[in-house]
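Worksheet: one structure, shown below.
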Amino acid sequence: MKSFEELGLNERILQAIGEQGYEYPMPIQEAVIPVLLGNKDENGWQGDLVALAQTGTGKTAAYLLPVLELLSRGGSPENKVNALVLVPTRELAQQVDQLLAGFAYYQDTTWIAIYGGNDGVAFAQQQRALEQGGDIAIATPGRLLSLLRHCKVDLSHVDFLILDEADRMLDIGFYDDIMEIISHLPKERQT
Ligand code: AMP
């Protein structure tokens, strides 16, 4: 079993996950994190990745930690969304939001959570947040799409697209929404 230190995460992330009580990476994290942090080809390009793990086995950290690490290395434009996490439900968006708050505690990464099921005030707040940009956006597809259709949102600097519980999103019927969102993203990105 490897330690988090050996996976290539920086000190600020290591401190934050230590404070979350994480001692060792879970198998999905040990498998995924080094792959996402390495293996670039000669053009600096990395391939896409699909990972399968049951609920409750640490998959959220398996993508959030490497994204935080890669953002901390710099090079992504400021005040633009650099990573987009699509999730099937509002509840999952809130969970990812909370985990990220813990992981990013010592890092100056910013993020916004975009989900439906609340009032017009929240819509307007999410619209402003999205227009101002955050390094990471966590969103349910339906709400993100309404915002994309109604306001000026720039997703052309998304380097990382994460489809969390992709199978469930397709079961729910989000295929068309996801494809429309992807049409706003650059082709050169890691999914
Ligand atoms: P997830 O599968 O992402 O929903 O994670 C399930 C739970 O495991 C969450 O409460 C995480 O905070 C927790 N968790 C994730 N990774 C670790 C780890 N390496 N050590 C201990 N707990 C973890």
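Read-outs: derived from the displayed coordinates by stated rules, not from any lab. Quick caveat: nothing in here was measured; it's all calculated off a predicted structure. No Cβ is skipped: glycine too gets one built from the backbone with ideal geometry, and neighbour counts run over all protein chains shown.
Quick rundown of the values:
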quantity	calculated
Radius 11 Å from Cβ of D154, net charge of other residues (Lys, Arg +1; Asp, Glu -1)	+1
GNM result for the chain, Cα springs below 10 Å: residue of G74, G18, G142 fluctuating most strongly	G74
Lys, Arg +1 and Asp, Glu -1 on Cβ, resulting dipole of the chain about Cα centre, debye, nearest 20	360
Contour excess over end-to-end distance, with Cα ends at Y24 and M179 and 0.36 nm allotted per residue	52.2 nm
Efficiency of FRET between V35 and R73 - r from beta-carbon atoms, R0 22 angstrom, step 0.05	0.85
Among A93, A124, A166: highest mean-square fluctuation, GNM of the chain, C-alpha pairs under 10 Å	A124
Count of Lys pairs (Cα-Cα under 27 Å; at least 8 positions apart or interchain) in the chain	10
Dipole-positive endmost among L65, Q94, A122 within the chain (Cβ charges, Cα centre)	A122
The chain: radius of gyration over Cα atoms, expressed as a fraction of 2.2 N^0.38 Å	0.99
